[in-house]
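The values are calculated or read from the model by the stated rules, or taken from the named source; none is laboratory data. Predicted model, so just to flag it, every value in this text is computed and none were measured. Here the Cβ is made from the backbone with ideal geometry for all residues, glycine too, and neighbour counts use every protein chain on show. These accessible areas exclude ligands, DNA and RNA; they are computed on the full protein's heavy atoms, side chains included. Shrake-Rupley method; radii C 1.70, N 1.55, O 1.52, S 1.80 Å.
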4 protein chains.
Amino acid sequence: MNEPTQKSKAEARCEAQRERILSAARKCSIESGFHAASMASIAETAGVSAGLIYRYFESKNAIILAIIQRKLDEIQADIRELQSLNRRSSHAAHQVVRRLAAQPVAILEPGLFLEIAALATRDQQVAEALRSADQRVRAELRAWLMQAWEKAGCGLAEAQALERVFVMQAVIEGLVIRAIKQPDSDPDLVKDSLRPLLAYLLPVD
Amino acid sequence: MNEPTQKSKAEARCEAQRERILSAARKCSIESGFHAASMASIAETAGVSAGLIYRYFESKNAIILAIIQRKLDEIQADIRELQSLNRRSSHAAHQVVRRLAAQPVAILEPGLFLEIAALATRDQQVAEALRSADQRVRAELRAWLMQAWEKAGCGLAEAQALERVFVMQAVIEGLVIRAIKQPDSDPDLVKDSLRPLLAYLLPVD
Amino acid sequence: MNEPTQKSKAEARCEAQRERILSAARKCSIESGFHAASMASIAETAGVSAGLIYRYFESKNAIILAIIQRKLDEIQADIRELQSLNRRSSHAAHQVVRRLAAQPVAILEPGLFLEIAALATRDQQVAEALRSADQRVRAELRAWLMQAWEKAGCGLAEAQALERVFVMQAVIEGLVIRAIKQPDSDPDLVKDSLRPLLAYLLPVD
Amino acid sequence: MNEPTQKSKAEARCEAQRERILSAARKCSIESGFHAASMASIAETAGVSAGLIYRYFESKNAIILAIIQRKLDEIQADIRELQSLNRRSSHAAHQVVRRLAAQPVAILEPGLFLEIAALATRDQQVAEALRSADQRVRAELRAWLMQAWEKAGCGLAEAQALERVFVMQAVIEGLVIRAIKQPDSDPDLVKDSLRPLLAYLLPVD
DNA sequence: AATGAATGAGTGTTCATTCAT
DNA sequence: CATGAATGAACACTCATTCAT
């Protein structure tokens with residue numbers, strides 16, 4: 001009777017360790033980039049020995065891929081959350097997007113985000129992961145957008161929805177880079193700049 | 001009498017060498033990323049010895065900074081060219097922007113561009129360079145935009161112009177990432193998606 | 001009353017475990033060599049945990065020494081068997097030697113055999129073990145050989161016997177290396193080659 | 001005019017360095033075995049830095065293969081020398097073989113020799129190298145033996161020669177192992193033991 | 001008695017950088 | 001000016017060994 005408990009305890013601990021390491025690796029990668037994040041620094045950050053990492057990950061590259069996959073999963077989860085918000089409130093869309101637009105840096109973790117994108121330029125495996133995740137995100141954004149306009153009494157053809165999703169993603173991703181290049185820009189400027197865009201992308205509230 | 005000539009000859013040669021090396025370093029960096037571009041591969045690509053590079057650059061980091069600076073200078077030069085185009089034709093704006101929108105990848109060299117942006121996240125020096133260059137680009141884009149609307153008989157307040165420049169830059173930069181995540185997207189989708197945006201940003205032609 | 005039984009049961013189990021581990025270590029060593037046979041692979045092969053091995057052996061080196069000692073003991077046992085065969089049949093000598101000559105590989109496990117010999121070159125402890133075992137083997141072979149010739153009605157002086165034992169051992173050991181360097185050699189070639197040698201070493205039958 | 005000289009100087013130096021490293025690696029391998037001979041110890045023995053080794057050898061494995069190949073080449077060279085000796089003196093055969101038999105250890109470097117043979121058991125590439133080298137050696141030994149008997153006025157059929165070469169090689173190789181197991185054996189014992197064998201293998205002198 | 005998570009010293013290898021030539 | 005041999009401090013990774021459970 002206590003066997004499964006014991007077993008799951010061990011499993012839980014194992015999972016927790018993996019989590020600790022992955023989290024440390026992520027932190028180091030954000031701070032120093034994938035390459036400069038040495039196994040030694042990851043181990044130190046995670047509070048484990050360097051050798052132990054290899055019980056939980058095949059190689060450093062496997063860790064990087066796991067970080068990337070996790071990041072992609074998180075983005076998808078965020079999008080899913082958007083949808084559920086949408087179901088509860090008809091005004092949610094603008095709120096959420098504004099929040100997103102206001103702090104794209106915090107949400108997308110620009111250093112990581114950009115390095116992943118740069119990596120996708122040279123690593124086929126990363127590119128595939130990025131594209132298939134983005135494909136799923138696009139599908140969900142489209143569904144969400146069509147639902148939002150539907151609710152607003154102004155249906156949207158699928159083609160139209162796809163166009164707006166395209167612009168929406170480009171703008172959000174572009175804001176990440178803007179936040180880096182123009183970090184001291186007036187929040188009002190951002191808000192005002194995006195207003196006409198939002199008016200086009202989302203139903204008025 | 002021939003001393004200055006010799007000197008300038010020597011200087012020209014020196015400059016040419018620096019150029020060769022920088023160009024090789026850039027090529028290697030685009031192909032493999034800053035880190036994986038080894039001094040040996042750069043030397044080989046430039047057709048010089050590894051040791052010689054250190055006569056022209058203090059360190060590998062100095063080369064990376066030079067690559068970044070050059071990239072930033074090129075972007076600024078591109079914008080300047082926009083302005084001169086604008087002076088010659090009132091329809092230039094749309095043409096140029098469309099061209100830009102259609103091939104942001106080729107123009108901005110995404111791997112390099114994104115790696116620079118990621119680097120700016122962690123390296124203060126890179127960040128400064130990026131920001132000051134962007135500031136100049138913004139000023140020029142604003143001037144160009146105000147001029148374009150002026151010509152179209154529809155003046156634009158500076159604040160308005162700044163907002164549109166903000167959006168314009170965000171979108172263009174966002175398109176770089178889109179090109180990576182959605183490389184097989186229909187060119188028509190891109191064009192159609194951007195049309196309403198352009199209508200807002202630029203005067204009709 | 002049941003204490004000794006339990007104790008001996010426990011001892012038997014202990015011995016069995018030691019045996020399992022040693023056997024696994026031997027298998028791994030034959031397959032991959034002493035060095036490449038990792039404790040982890042030995043543990044897996046033995047079906048025990050890595051840590052348990054250290055209850056039965058002080059260190060990996062101790063295991064290697066145990067493997068070597070066991071191999072030496074086996075060789076000695078084989079020789080002893082020769083003698084008992086000899087007692088039963090006057091023709092045994094040729095039979096046995098021929099069998100040995102025909103399949104020295106299978107009998108001596110060349111990978112292990114050669115690695116042990118190589119190790120003896122560098123490890124004093126292994127060298128001692130090898131030499132003292134060989135000394136015993138030589139003594140037994142000599143006794144066996146003298147007995148065989150005696151039976152054949154043609155007595156052999158001890159000095160003569162020692163010379164023939166020397167040649168006999170050298171040839172048998174040399175055949176191990178031949179089997180590696182010339183693995184596809186015709187069995188008839190081997191048999192024919194060795195015939196004159198056997199005629200000299202052993203009494204005709 | 002001095003260009004080729006300079007060039008060949010550089011090449012000579014390069015070759016000398018390779019030689020230094022290979023020689024150091026060989027020494028370390030003899031002392032500690034292929035595996036335990038670390039790149040660091042090889043570098044120290046060669047009097048160079050660890051990194052430099054990789055300018056001359058692809059990897060440690062490449063060094064090991066080079067050591068093996070060199071050893072095989074040396075053996076073949078020794079055999080060739082036998083032939084030339086044979087041409088000069090009809091009594092050479094016995095002399096040479098006796099010398100070989102008397103000091104097989106020094107000639108064959110048993111630690112190396114045995115480890116190579118053991119390696120051939122597990123490494124296909126090493127096995128191939130060993131076998132093809134042995135094939136060449138066999139051919140030369142056979143030619144040499146037939147020539148020796150021919151000179152002695154007692155021709156030898158090829159099949160017969162092959163048999164004797166087989167025995168000769170087995171015995172010589174066996175003596176390497178004997179030298180390890182029986183290092184303190186009386187030289188007279190060895191000589192006396194081998195006399196009948198030599199009488200069979202080589203023409204009397 | 002038995003586990004296997006954890007350690008840490010050691011491995012082969014790479015690479016920016018220097019310097020004798 | 002130019003070379004490329006040489007360095008040495010990293011790096012990712014392995015594995016015998018220990019120890020809390």
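What dipole magnitude, in Debye to the nearest 20, does region D:1-57 give about its Cα centre under +1 on Lys/Arg Cβ and -1 on Asp/Glu Cβ?
On the way: 8 positive and 6 negative charges, 13 e Å.
Magnitude of the dipole: close to 60 debye.
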(message) So, taking all protein chains as they sit and a 1.4 Å probe, how much accessible area belongs to B:Ser59, in Å² rounded to tens?
(response) 40
(request) Compute the FRET efficiency between C:Tyr54 and D:Glu31 as 1/(1 + (r/R0)^6), taking r as their Cβ-Cβ distance and R0 = 41 Å, and round to the nearest 0.05. (result) 0.90
(message) Taking all protein chains in place and a 1.4 Å probe, what share, in percent, of the accessible surface of region B:1-57 do carbon and sulfur account for?
(response) 52
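Could you please report the charge total around B:Asp73, scoring K, R as +1 and D, E as -1 over all other residues with beta-carbon less than 12 angstrom from its beta-carbon?
Computed value for this residue: +2.
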(request) For region C:1-57, just list the percent of Cα-Cα distances falling in each 10 Å bin from zero outward, please. (result) 25, 44, 20, 10, 2
(request) Would you tally the net charge around A:Arg131, using a Cβ to Cβ cut-off of less than 13 Å, leaving A:Arg131 out, and scoring K and R as +1, D and E as -1? (result) 0
(message) For a Förster distance of 51 Å, can you work out the FRET efficiency between the beta-carbons of D:Val204 and C:Ala40, rounded to the nearest 0.05?
(response) 0.30
(message) Run the numbers for B:Ser185 and B:Glu11: contour at 0.36 nm per residue of separation, minus the present Cα-Cα distance, in nm.
(response) 57.8 nm
(request) At a Cα cut-off below 19 Å, give the aspartates and glutamates reachable from C:Lys191, other chains included and same-chain residues fewer than 8 away excluded. (result) C:Glu173, C:Asp205, D:Glu158, D:Glu163, D:Glu173
(request) Would you tell me which residue of chain D has the beta carbon closest to the rotation axis bringing chain D onto chain C, and how many whole Å away it is? (result) D:Gly174, 2
(message) Run the simple label-point estimate for C:Gln69 and B:Glu150 please: 7 Å along Cα→C-beta, distance reported in nm.
(response) 9.9
(request) Using only protein heavy atoms and a 1.4 Å probe, report how much of B:Tyr200 is accessible, in Å² to the nearest 10. (result) 50
(message) Under the convention of a label 7 Å out along Cα→Cβ, give the distances in nm from B:Pro196 to the same position in every other copy, shortest first.
(response) 1.3, 10.2, 10.7
(message) Using each residue's phi in region B:191-198, evaluate 6.51 cos²θ - 1.76 cosθ + 1.60 at θ = phi - 60° and report the 3J(HN,Hα) Karplus result to the nearest Hz, with x for Gly and Pro.
(response) 4, 4, 4, 7, 3, x, 5, 5
(request) Give the share of C-alpha pairs in each 10 angstrom bin for region C:100-205, from 0 to the last occupied bin, in whole percents, shortest bins first. (result) 13, 38, 34, 14, 1
(request) For A:Ala143, place a label point 7 Å out from Cα along the Cα→Cβ vector, do the same in each other copy, and report the separations in nm, one decimal, smallest first. (result) 5.1, 8.0, 8.7
(request) Quick one: with label points 7 Å out along Cα→Cβ, list the inter-copy distances for A:Gln160 in nm, shortest first? (result) 2.6, 10.5, 11.5
(message) Tell me the total accessible area that D and C bury against each other, 1.4 angstrom probe, in square angstrom rounded to 100.
(response) 3900
(request) Please work out how much accessible surface C:Thr121 shows to a 1.4 Å probe, ignoring ligands, DNA and RNA, in Å² rounded to 10. (result) 60
(request) For region C:161-205 and region D:109-160, compute the distance between their C-alpha centroids and round to whole Å. (result) 16
(request) Give the ranking of D:Glu44, D:Glu109, B:Glu173 by solvent-accessible surface, highest area first, calculated with a 1.4 Å probe. (result) D:Glu44, D:Glu109, B:Glu173
